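One structure is given here, and the rest of the page talks about it.
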Amino acid sequence: MNNRFVFIMPAFNAESTISRSILSVWMQTHANWKIIVLDDMSTDKTMETVLNVKKMIGANDDKIQLIVNDNKKWEVGNIVEGLNHCDSKDIVCRLDGDDWLCDTDALTIINYKYNQLGCNALWTSHRWSFSNQNISSNLPKNADPYEHPWVSSHLKTFKKELIESVPDNNFRGPDGNYFKRIGDQALYLPVLHQSAGNWHYEPIVAYHYTIDMNPKTFQSDDAKFQKSEAEFLRNRGFLK
């Protein structure tokens, strides 16, 4: 089956990186894909850069769709908005505007695995800023994703129909608003819960995750806020 992969790509001030992100999908040997870029009120030329890339490669809105927000939605709000533009049979992928796919055969391999295994969620290994550091690994089939250590980082993919039965409040924090910074887990933990073990970890390095591995990165106020959101999310568990 020639599955369509739809990349939801939130971007904020990604003028210098988003061309590489988009082109890393364009260069895939599996050509059935779409990118949804959500410009979250950038103050640089992110929007213009996306339009220039579209023109350069001759892509229409069926291949690269640009949504420009008129209010700040942060990571999870943008993902939820992007999901509204996917079909039920699509395979949803997460790609940030400053990251990129680092294996041109990634989608070909992932498409084969979905067809071979019949799984409804699949993730791969990644690399952090050209290092060999990677936190993704296998998740036991009987594991509770909320209780097991986080091993489902990048590249995260799942069948769109799997998330359609997830109540919206799973994506929201204690204030009733969408989580701001813990998008990876806020999105994927409910998906894995609904998958009920029908997931697969593929140990190819498919994703370049741009992050400064300086220890101070994880001591910043932003990192502490992200950690607090993750702790709340995991302690609360899945909401029916």
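Each value in this text was obtained by applying a stated rule to the coordinates, not by laboratory testing. All figures in this text were calculated on a predicted structure; none of them were measured in a lab. Positions of Cβ are backbone-derived with ideal geometry, glycine not excepted, and every protein chain shown enters the neighbour counts.
How large is the charge dipole for region 83-153, taken about the Cα centre, if only the Cβ atoms of Lys, Arg (+1) and Asp, Glu (-1) carry charge, to the nearest 20 debye? Before the final figure, lay out the partial values.
Working: 5 positive and 9 negative charges, 48 e Å.
Rounded to the nearest 20 debye, it is 240 debye.
Can you give me the orientation-averaged projected area of the convex hull built on the Cα atoms of region 35-75, in nm²?
3.0 nm²
Counting only DSSP beta bridges with both residues in region 103-240, what percent are antiparallel, rounded to the nearest 5? List each step's numbers first, then the result.
Working: 4 of 12 bridges.
Roughly 35 percent of the DSSP beta bridges within region 103-240 come out antiparallel.
Give me, ordered by chain and number, the residues 5 or more places off Ile64 or on other chains with an amide H under 5 Å from its own placed amide H.
Those qualifying (amide H under 5 Å, at least 5 residues apart or on another chain) are Ile35.
Would you mind classifying region 25-160 by shape? Square roots of the alpha carbon gyration tensor eigenvalues, ordered a ≥ b ≥ c; an a/c under 1.5 is rounded, otherwise it is prolate if a/b is larger than b/c and oblate if not.
Prolate shape, in that a/c is at least 1.5 and a/b is the bigger ratio.
I need the shape label for region 1-97. Rule: rounded when a/c is under 1.5, else prolate if a/b > b/c, else oblate, with a, b, c from the alpha carbon gyration tensor.
Judged from the Cα gyration tensor, region 1-97 comes out oblate (a/c at least 1.5, b/c at or above a/b).
Using the number of other C-beta atoms within 10 angstrom as an exposure proxy, rank Tyr201, Tyr114 with the fewest first.
Ranking Tyr201, Tyr114 by Cβ neighbours within 10 Å, fewest first, gives Tyr201, Tyr114.
Given charges of +1 on the Cβ of Lys and Arg and -1 on the Cβ of Asp and Glu, with all other atoms neutral, how large is the dipole of region 7-100 about its Cα centre, in debye to the nearest 20?
Here the size comes out at about 260 debye.
To make sure I understand the rule: partners must be lysines, Cα under 19 Å from the Cα of Lys113, and not fewer than 8 residues away in the same chain. Which ones qualify?
Hits, sequence-local ones excluded: Lys89, Lys141, Lys156, Lys159, Lys160.
May I ask for the distance between the Cα centers of region 53-123 and region 148-206, given as a whole number of Å?
Cα centres, region 53-123 to region 148-206: 14 Å.
Among the DSSP beta bridges whose two residues both lie in region 5-236, what percent are antiparallel, rounded to the nearest 5?
If we restrict to bridges inside region 5-236, about 25 percent are antiparallel.
Return Thr210, Thr43 ranked ascending by Cβ neighbour count within 10 Å, so the fewest neighbours appear first. Present the calculation step by step, with values, prior to reporting the outcome.
Details: Thr210 15, Thr43 8.
In increasing order of surrounding Cβ atoms, one gets Thr43, Thr210.
Given 0.36 nm per residue, what is the gain on full extension from Glu231 to Ile211 after removing their alpha carbon distance, in nm?
Working: separation 20, 0.36 × 20 = 7.20 nm, distance 2.12 nm.
Residue separation times 0.36 nm, minus the Cα-Cα distance, leaves 5.1 nm.
Starting from the Cα of Asp44, step 7 Å toward the Cβ, then list every residue of region 91-133 with an amide N under 14 Å from that point.
Under 14 Å, as judged by backbone N against the label point of Asp44, lie 97-99 of region 91-133.
Suppose the chain between Arg127 and Thr29 were pulled fully straight at 0.36 nm per residue; how much longer would it get relative to their current alpha carbon spacing?
Working: separation 98, 0.36 × 98 = 35.28 nm, distance 2.08 nm.
Contour length minus the Cα-Cα distance gives 33.2 nm.
Between His85 and Tyr201, with labels modelled 7 Å along Cα→Cβ, what's the label distance in nm to one decimal, could you check?
Label-label distance for His85 and Tyr201, simple model: 3.3 nm.
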